[in-house]
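Data block below; observations after.
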């Protein structure tokens, strides 16, 4: 199964207030440290104590966002599995709006399978089932 790997992070406006007196070089060093921590969990080890202080204040935000992302991926995975279970049990059921749930599930599955922006892991058995349906 694919790992839940984020490809981005949030850089809050509040960091600019804290770094108002930084030179471009100092600010660049801080942003690089934030990138390294988010992508590789490397803690800033530079010599500038001011950058170290601001960086340590930013670490909990990065950790919180990673935790929220992982929780969202787990919830999405659970919802996808629930949808497939419902479809397996009632393959020809129609909802109140007279739309075919199977078609809606197939469309959602195809979108999820083809969505290159989605980095959430999808269980392999679900991925295989989607490919079978889309043939």
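The values are calculated or read from the model by the stated rules, or taken from the named source; none is laboratory data. Note that the coordinates shown come from a computational prediction; the quantities given were computed from them, not determined experimentally. Cβ: placed from backbone, ideal geometry, glycine included. Neighbour counts: every protein chain shown.
Looking at region 13-31, can you tell me whether even one residue there is within 30 Å of residue 77 (Cβ to Cβ), surrounded by 10 or more Cβ atoms within 10 Å (Cβ to Cβ) and under 21 Å from the mean Cα position of the chain (by Cα)?
Checking region 13-31: not a single residue is within 30 Å of residue 77 (Cβ to Cβ), surrounded by 10 or more Cβ atoms within 10 Å (Cβ to Cβ) and under 21 Å from the mean Cα position of the chain (by Cα).
For the list (1) at pLDDT below 95; (2) more than 23 Å from residue 6 (Cβ to Cβ); (3) in a helix (DSSP H, G or I), I need the number of the one condition that residue 97 fails.
It fails just one condition, (3).
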